[in-house]
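Here the structure is laid out as structure tokens; the discussion comes afterwards.
Rule-based calculations on the coordinates, nothing more; no lab input. The shown structure was predicted, so the numbers you read here are calculated from the model rather than taken from an experiment. All Cβ positions, even for glycine, are placed from backbone atoms using ideal geometry, and neighbour counts span all protein chains on display.
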Amino acid sequence: MSDFQLKRLGLIMEPAPRNAHEVEGTLNPAAVRGQDGELYLFPRLVAKGNYSRIGIARVKFNEAGDPSGVERLGIALEPEADYERLPGGGGGCEDPRVTFVEPLRHYVMTYTALSRHGPRIALAMSRDLFHWERIGLAQFEPYHGIDFVNVDNKDASIFPTAIPNHVGKLQLAMLHRPLFAGTRPEETVCQGDCRPVDLDHESIWISYCPMPPGNLEPHQPGLFNSHHRLATPVAPWEMLKIGGGTPPVLTRHGWLVVYHGVSKTTEPDNAGRALCYSAGVMVLSEEHPRIIRYRSPEPVLTPLSADELRGTISNVVFPTGIDRRDDLGTPDRFDVYYGMADSRIGVARLDLPEHLPGAMQGSGPGDKRER
């Protein structure tokens, strides 16, 4: 088993009774420290008809310093822009990640905007976490014939500092996982255990955007015009799909990312789904995050509890938020916030090992190709 095993701390948030905004689930939160030192969650709140808003809540801690609950503070974003709305009044702002980007001196939120075109990555910015200004949809330049624009895309997160691209230029960098046709786990599960992996279309990517001279201008997102394929499915637990998770956070070993992978289960659930969502760990080089220093060969968290095994979608743990516990004087401790069966939010504790485990599992052949 991996040296990065997570210890469950428990359920942290579930749908509030009689709250119409949450009747179909409270899940997949961003987690970030405010300027006041408090920890804030930005959960996806799902109303009737899969209509999603992004809420905001303050985390409460017990005497031991472990998260013990939340105080709801309202709504951060709800569908208003055209790229967040479906015909007939539906739509969604979903699955946010929030990072304080030091060169911009702003919090940057990446989230999934659901419109008639499908899910796309959208950006918003804030100085204080309570007032958000939409920037628009992320814009991508094609890469060797790969179209990042006209495909579904989710689970994006931003590095907190400028990152060197392939020629060493410091730029804004984003992890994301485009959902090309045929790469959803519902599709790959039908292809059998020995299916070939399409490296270009089944990977987590790093894309780079020139750093703006000042702050990003509203409704004028920069162009992500340089791309690197970071990681493809390798291990059995992630073979049906690999995707993003928590935003990168810097540790003494490098950039830590808790990501998700999908495998096949032996028994379908009541909806006929035979999929299991688990979480794993990657550590990227601090100097060159395109290089994977460590990747867990086994998942660090798999669905085990009743809240993870049964819900809106069964057999799901889905990491989206991470908090380094500097407030406790323990910078090697990380609390990971994750969706439980697409219905509730759990938290688990990850302690950084003194040394990285010896063998690094690779990210697949050809992953060093870049632009």
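Structure remark: mean-square fluctuation, Gaussian network model of the chain, C-alpha springs under 10 Å; the largest value among T26, T330, T110 belongs to T330. For K264, the lysines whose Cα comes closer than 19 Å to its Cα, not counting residues fewer than 8 places off in the same chain, are K241. Where does the stretch 18-60 land on the Kirkwood hydrodynamic radius, alpha-carbon pairs, in angstrom? For the stretch 18-60, the Kirkwood estimate is 10.8 Å. In terms of its alpha-carbon gyration tensor, the stretch 118-167 comes out oblate; a/c meets the 1.5 threshold, while b/c is at least as large as a/b. At q = 0.08, 0.11, 0.14 Å⁻¹ the log10 of I(q)/I(0) for the chain amounts to -0.35, -0.70, -1.23, computed by Debye summation with a single uniform scatterer per C-alpha, solvent ignored. GNM remark for the chain: springs join alpha carbons under 10 Å apart, and the peak mean-square fluctuation among P17, P247, P119 falls on P17.
Considering only the other residues whose Cβ falls under 10 Å of the Cβ of F318, what net charge follows from Lys and Arg at +1 and Asp and Glu at -1? Combined, the nearby Lys, Arg, Asp and Glu give -4.
For the chain, the 222 nm mean residue ellipticity estimated from helices alone, with every DSSP H stretch of n ≥ 4 adding -39500 (n - 2.57) and the total spread over all residues, rounds to -500 deg cm²/dmol. Overall, the anisotropy analysis places the stretch 100-222 in the prolate class: the square-rooted eigenvalues a ≥ b ≥ c of its C-alpha gyration tensor yield a/c not less than 1.5, with a/b exceeding b/c. Between the listed residues V336, G182, P79, the Cα displaced farthest toward the positive end of the dipole of the chain, a dipole computed from Cβ unit charges relative to the Cα centre, is found at G182.
Would you kindly derive the ³J(HN,Hα) couplings of the stretch 276-293 from the backbone phi angles with the Karplus curve 6.51 cos²θ - 1.76 cosθ + 1.60 (θ = phi - 60°), listing them in order in whole Hz, with x for Gly and Pro? So the Karplus estimates, Gly and Pro as x, are 10, 9, 10, 10, x, 10, 10, 10, 9, 4, 5, 6, 9, x, 5, 9, 8, 7 Hz. Temperature 20 °C, viscosity 1.002 mPa s: under these conditions the Stokes-Einstein estimate for the stretch 1-151, based on its Kirkwood radius over C-alpha pairs, is 128 µm² per second.
Once a ≥ b ≥ c are taken as the square roots of the eigenvalues of the Cα gyration tensor of the stretch 222-371, is the result rounded (a/c under 1.5), prolate (a/b larger than b/c) or oblate (a/b not larger than b/c)? Oblate shape, in that a/c is at least 1.5 and b/c is the bigger or equal ratio.
Among the trypsin sites (Lys or Arg not before Pro) in the stretch 1-43, those located in a DSSP loop and surrounded by at most 11 other Cβ atoms within 10 Å of their own Cβ are R18.
Comparing P319, P357, P289 in a Gaussian network model of the chain where C-alpha atoms under 10 Å apart are linked, the largest mean-square fluctuation is found at P357.
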